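Reading through the structure tokens given below for one structure.
The values are calculated or read from the model by the stated rules, or taken from the named source; none is laboratory data. All values derive from a computational prediction rather than experimental measurement. Cβ placement follows ideal geometry from the backbone for every residue including glycine, while neighbour counts extend to all protein chains displayed. Note: areas computed on protein heavy atoms with side chains; ligands, DNA, RNA excluded. Shrake-Rupley method; radii C 1.70, N 1.55, O 1.52, S 1.80 Å.
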Amino acid sequence: MDTMPQVSPTNRKTALLSMRGVTKTFGAVNALTDIDLDVEAGEVVAIVGDNGAGKSTLVKVLAGVHQPDAGTITFDGSPVQIPDPSAAIHLGVATVFQDLALCENLSVVDNLFLGREISPMRLDETGMEVKAWELLQQLSARIPTVRIAIASLSGGQRQTVAIARSLLGDPKIIVLDEPTAALGVAQTAEVLDLIERLRERGLGVVMVSHNMEDVRAVADRIIVLRLGRNNGEFDAVSVTSEDVVAAITGATDNVVTRRRDRVAGSREDAPAGHVVPTEESTDKGEVR
Amino acid sequence: MTRPTSNAAPPRRALDQTDERLRQSEGVAGALASFVRSMRAGDVGALPVIIGLVVICAIFQSLNSVFLSSGNLVNLTLDSCAVGIISLGIVCVLLVGEIDLSVGSVSGFSAAVVAVLFVRHGWNWILACVVACAIAVAIGLLFGVLLTRFGMPSFVSSLAGLLAFLGLQLAILGDQGSVNLPFDSTLVGFAQLDFVPAWLSYLLAGLAALAVFLAGYETRLRRRKANLSARSINALIVRSLALLVGLEAFFWYLNRSRGVGWMVVFFVALVLLLNYGITRTKWGRSLLAVGGNVEAARRSGINVRNIYLSAFMLCSLLACVGGILAAGRLASANLSSGTGDVNLNAIAAAVIGGTSLFGGRGSAFSALLGTLVIASIASGLTLLNLDSSYRFVITGLVLAVAVAIDSLARKSRASHGRA
Ligand SMILES: Nc1ncnc2c1ncn2[C@@H]1O[C@H](COP(=O)(O)OP(=O)(O)OP(=O)(O)O)[C@@H](O)[C@H]1O
Ligand SMILES: [Mg+2]
């Protein structure tokens with residue numbers, strides 16, 4: 001049923017996107033140090049880590065919002081620079097930012113098509129509105145009208161709009177920074193379902209999430225960031241949540257494991273879906 | 001990427017009317033009802049300024065019956081044009097959330113450039129205007145670069161520009177301090193003496209109404225075809241007819257005196273053009289986006305720098321055009337061209353007309369309506385033989401009210417969830 005052009009079935013070994021040794025500092029804070037990341041076509045990579053681990057910074061480097069201080073990015077086999085967001089969009093990297101980056105004074109349609117309006121000199125309002133409804137229905141969005149300003153929408157509705165926006169155009173990689181954080185049950189299921197479909201179409205998906213259930217539901221690989229460094233890479237199917245949590249917190253002794261130990265032996269003792277952050281790894285080093 | 005979904009629109013409902021929480025509003029009554037609703041929510045639009053205009057006219061008419069006479073209205077429309085055009089430029093910079101305080105000086109400076117080149121050096125007037133416009137665009141570019149490259153707030157850079165260009169204006173006018181434009185020149189003719197023939201004015205009014213109807217009808221057809229809700233045909237007819245009757249009556253009234261000046265037609269054409277640019281092009285959408293949330297605009301791939309530059313360049317260009325027309329209307333460029341209240345009137349007009357000082361919200365029509373308010377006050381007070389001190393006070397009060405309405409509407413929008 002999907003009418004979206006299929007990305008040609010790629011050899012699973014060639015990475016669509018790879019980052020090597022990417023480093024980013026803000027003043028005295030090393031937000032990212034020597035990060036490596038590979039995303040293949042038709043693969044969902046989850047990035048997890050504590051608050052302040054550098055996930056959003058990594059996403060912004062991919063989106064062209066931040067320039068890395070060191071390191072290389074290779075896209076489709078050739079080294080690339082992503083000097084600004086339009087370069088990223090041009091490459092085929094669509095991003096849903098954690099703060100959504102929507103214009104509150106503009107309507108839903110205006111936001112969806114911002115920067116890639118149909119017929120720039122004589123906007124095709126009708127065409128854009130129809131396309132907007134199609135996209136939103138695909139995500140089971142509960143939005144009464146697309147002519148309403150973003151300011152009038154709830155947090156989850158806004159998030160749906162931001163996700164819908166990333167599907168426009170013809171992206172090769174979709175980067176989602178906590179896409180389901182504000183979504184309801186049905187909408188979360190719809191987004192996870194969407195991620196599955198994007199993978200089937202051969203797109204690369206990078207998903208940042210704190211929700212282990214979501215991650216394990218759709219991800220192929222899990223990459224753990226800790227204090228701005230790679231801290232482990234797991235196969236999402238075989239790994240246990242405890243291992244991931246341990247890599248996230250950098251310790252095998254933390255609230256989650258202690259609790260598991262306490263209830264050890266009793267019924268099913270899978271750790272909670274949400275990762276509990278520890279204080280020591282939350283670094284708030286904004287210097288500037 | 002369409003795929004059938006469980007909640008697809010039931011066949012009889014338009015695509016955008018599927019949500020059951022949506023209030024249905026059909027026909028003329030529905031249009032009226034939704035208008036009242038959005039008004040309550042702080043989406044006041046042009047209503048306060050139109051009410052204000054009616055009140056101002058009523059007051060001055062009751063004090064002096066000459067105010068609404070054909071002759072005075074012709075003068076009033078001609079007086080509005082120069083400041084109105086400058087104000088259009090202000091709308092552009094306000095939309096991106098910036099300000100240009102130098103428009104008065106730039107207009108006076110441009111008038112001086114044209115007058116000196118045209119009269120003292122005997123240049124062709126068109127060439128003189130082109131040179132002045134080019135200089136103005138360069139000035140706008142300078143403000144834009146100062147903002148985007150050096151992060152200098154436009155408030156400061158244009159304040160510096162205000163002084164600097166006033167100085168340049170005085171310098172090029174020299175010791176005589178004034179250059180008179182010949183009465184038989186095209187420029188003076190255009191700004192003072194040339195009026196649209198009566199038959200043509202009625203034809204223009206008819207065409208305008210027809211254009212509104214056809215544009216609305218075309219949109220309606222397209223939306224119907226795409227299974228979207230559309231404005232009812234009756235509401236469309238009522239709108240076009242109201243416009244037709246209003247315009248024809250207004251032109252008829254003006255034609256009892258000298259009529260509709262070509263400069264007025266030019267001003268209105270600029271308003272319509274800018275309105276098209278803001279509402280129907282990618283550029284206009286980008287202006288609003290930058291004014292609403294710069295970072296979001298940047299991340300959408302909009303070239304924010306170019307948008308700022310275009311807004312400032314357009315603003316200075318329009319200031320230049322306004323300045324040249326003001327000189328034509330006075331038949332001279334002198335030391336006081338573009339000084340005094342020109343600057344603040346242009347800015348006040350845009351704000352009074354409903355363009356927000358906070359960026360991302362406004363319309364080209366606000367320049368038209370706001371300028372009419374300011375010109376009415378000036379004209380009414382002149383008729384009452386009150387000197388300019390009162391005019392300043394009253395214009396200041398009206399501006400204060402307009403900004404208060406803007407802020408209140410903003411609050412109301414926030415509480416009703418509309419940015
Ligand atoms: N623009 C910035 N200027 C200065 N420091 C920054 C900036 N952006 C991020 N940082 C710092 O970089 C570090 C990583 O931040 P980042 O937003 O990437 O974390 P995160 O992993 O996305 O966290 P969260 O789970 O809370 O979203 C933090 O210490 C933060 O203070
Ligand atoms: Mg983050």
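Please enumerate the residues belonging to region B:357-394 that are within 14 Å of another protein chain (Cβ to nearest Cβ) and at pLDDT 90 or above. B:Gly359, B:Gly360, B:Arg361, B:Gly362, B:Ser363 - these are the residues of region B:357-394 that are within 14 Å of another protein chain (Cβ to nearest Cβ) and at pLDDT 90 or above.
Does A:Gly42 count as without any contact (Cβ under 8 Å) to a residue 40 or more places away in the chain and either in contact with a helix residue (DSSP H, G or I) (Cβ under 7 Å, 6 or more places away or on another chain) or of a type in the set (A, V, I, L, M) (or both)? If you could, list the steps in order and put the result at the bottom.
Values: without any contact (Cβ under 8 Å) to a residue 40 or more places away in the chain: no; either in contact with a helix residue (DSSP H, G or I) (Cβ under 7 Å, 6 or more places away or on another chain) or of a type in the set (A, V, I, L, M) (or both): yes.
Against the criterion (without any contact (Cβ under 8 Å) to a residue 40 or more places away in the chain and either in contact with a helix residue (DSSP H, G or I) (Cβ under 7 Å, 6 or more places away or on another chain) or of a type in the set (A, V, I, L, M) (or both)), A:Gly42 does not qualify.
B:Leu228 meets each of the listed conditions (1) in contact with a Leu (Cβ under 8 Å, 6 or more places away or on another chain); (2) open to solvent by 40 Å² or more (accessible area, probe 1.4 Å); (3) within 14 Å of chain A (Cβ to nearest Cβ) apart from (2). Residues that are away from chain B (no Cβ under 14 Å), without any contact (Cβ under 8 Å) to a residue 40 or more places away in the chain and not in a loop (DSSP other than H, G, I, E, B): does region A:90-105 have at least one? No: zero hits.
Residue by residue, here is whether (1) part of a helix (DSSP H, G or I); (2) touching a residue at least 40 places away in the same chain (Cβ under 8 Å) holds:
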{"residue": "B:Ser87", "(1), (2)": "yes, yes"}
{"residue": "B:Gly97", "(1), (2)": "no, yes"}
{"residue": "B:Val130", "(1), (2)": "yes, no"}
{"residue": "B:Val137", "(1), (2)": "yes, yes"}
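Anything in region A:77-102 that is exposed (fewer than 15 other Cβ atoms within 10 Å of the Cβ) and more than 16 Å from ligand 1 (Cβ to nearest atom)? List them, or say none. Passing the criteria: A:Gly77, A:Ser78, A:Pro79, A:Gln81, A:Pro83, A:His90.
From the list A:Gly115, A:Gly156, pick out the single residue that is without any contact (Cβ under 8 Å) to a residue 40 or more places away in the chain and surrounded by fewer than 21 Cβ atoms within 10 Å (Cβ to Cβ). If you could, list the steps in order and put the result at the bottom.
Details: A:Gly115 fails: surrounded by fewer than 21 Cβ atoms within 10 Å (Cβ to Cβ).
The match here is A:Gly156.
Checked against (1) more than 30 Å from A:Gly250 (Cβ to Cβ); (2) out of contact with any Asp or Glu (no Cβ under 6 Å at 6 or more places or on another chain); (3) open to solvent by 10 Å² or more (accessible area, probe 1.4 Å), A:His66 passes all but condition (1). Within region A:112-122, not a single residue is within 16 Å of ligand 2 (Cβ to nearest atom) and facing chain B (nearest Cβ under 10 Å). Return a yes/no flag: does region A:116-139 have any residue that is more than 12 Å from the chain's Cα centre (by Cα) and farther than 30 Å from B:Leu221 by Cβ. For region A:116-139, residues more than 12 Å from the chain's Cα centre (by Cα) and farther than 30 Å from B:Leu221 by Cβ: absent.
Restricting to region A:108-125, give me the number of residues that are outside any loop (DSSP other than H, G, I, E, B) and modelled with pLDDT of 95 or more.
Within region A:108-125, the subset outside any loop (DSSP other than H, G, I, E, B) is A:108-112, A:125.
So of that shortlist, the ones also modelled with pLDDT of 95 or more come out as A:108-112.
The total comes to 5.
Of the residues that make up region B:169-187, is at least one touching a Gly at 6+ places or on another chain (Cβ under 8 Å), under 30 Å from B:Trp252 (Cβ atoms) and either surrounded by 20 or more Cβ atoms within 10 Å (Cβ to Cβ) or among the β-branched types (Val, Ile, Thr) (or both)? Checked region B:169-187: at least one residue is touching a Gly at 6+ places or on another chain (Cβ under 8 Å), under 30 Å from B:Trp252 (Cβ atoms) and either surrounded by 20 or more Cβ atoms within 10 Å (Cβ to Cβ) or among the β-branched types (Val, Ile, Thr) (or both).
Among residues belonging to region B:171-215 that are among the hydroxyl-bearing types (Ser, Thr, Tyr) and assigned to a helix (DSSP H, G or I), point out the one that is modelled with the lowest pLDDT.
Step by step, filter region B:171-215, then rank; the result is B:Thr186.
Which of (1) more than 10 Å from chain B (Cβ to nearest Cβ); (2) within 16 Å of ligand 2 (Cβ to nearest atom); (3) surrounded by fewer than 19 Cβ atoms within 10 Å (Cβ to Cβ) is the odd one out, the single condition A:Val175 does not satisfy? That leaves (3) as the condition not met. Could you list all residues from region B:174-199 that are within 24 Å of the chain's Cα centre (by Cα) and not β-branched (Val, Ile, Thr)? Scanning region B:174-199 gives B:Leu187, B:Gly189, B:Phe190, B:Ala191, B:Gln192, B:Leu193, B:Asp194, B:Phe195. For region B:318-351, the set of residues classified as under 20 Å from B:Leu288 (Cβ atoms) and open to solvent by 10 Å² or more (accessible area, probe 1.4 Å) consists of B:Leu318, B:Ile347, listed by residue number. Each residue in region A:126-145 was checked for being more than 8 Å from chain B (Cβ to nearest Cβ) and part of a loop (DSSP other than H, G, I, E, B), and 2 of them qualify.
Which is at pLDDT 90 or above, open to solvent by 20 Å² or more (accessible area, probe 1.4 Å), among the acidic types (Asp, Glu) and within 21 Å of A:Glu134 (Cβ to Cβ), of A:Asp220, A:Asp170, A:Asp193? First the steps, then the outcome.
Numbers: A:Asp220 fails: within 21 Å of A:Glu134 (Cβ to Cβ); A:Asp170 fails: at pLDDT 90 or above.
Selected residue: A:Asp193, the only one of A:Asp220, A:Asp170, A:Asp193 that is at pLDDT 90 or above, open to solvent by 20 Å² or more (accessible area, probe 1.4 Å), among the acidic types (Asp, Glu) and within 21 Å of A:Glu134 (Cβ to Cβ).
Listed by position, the strands (runs of 3 or more DSSP E) inside region A:193-251 whose residues that are within 11 Å of A:Val48 (Cβ to Cβ), within 16 Å of ligand 1 (Cβ to nearest atom) and of a type in the set (A, V, I, L, M, F, W, C) number at least 3 are A:221-226. Looking across A:Val59, A:Val44, A:Val22, one residue alone is open to solvent by less than 10 Å² (accessible area, probe 1.4 Å), of a type outside the set (Asp, Glu) and more than 16 Å from ligand 1 (Cβ to nearest atom). It is A:Val44.
Give me the helices (runs of 4 or more DSSP H) completely within region B:256-313, filtered to those with at least 3 residues that are under 18 Å from the mean Cα position of the chain (by Cα) and facing chain A (nearest Cβ under 8 Å), ordered by residue number.
On the way: elements: B:262-280, B:282-292, B:294-299.
Hits in region B:256-313: B:282-292.
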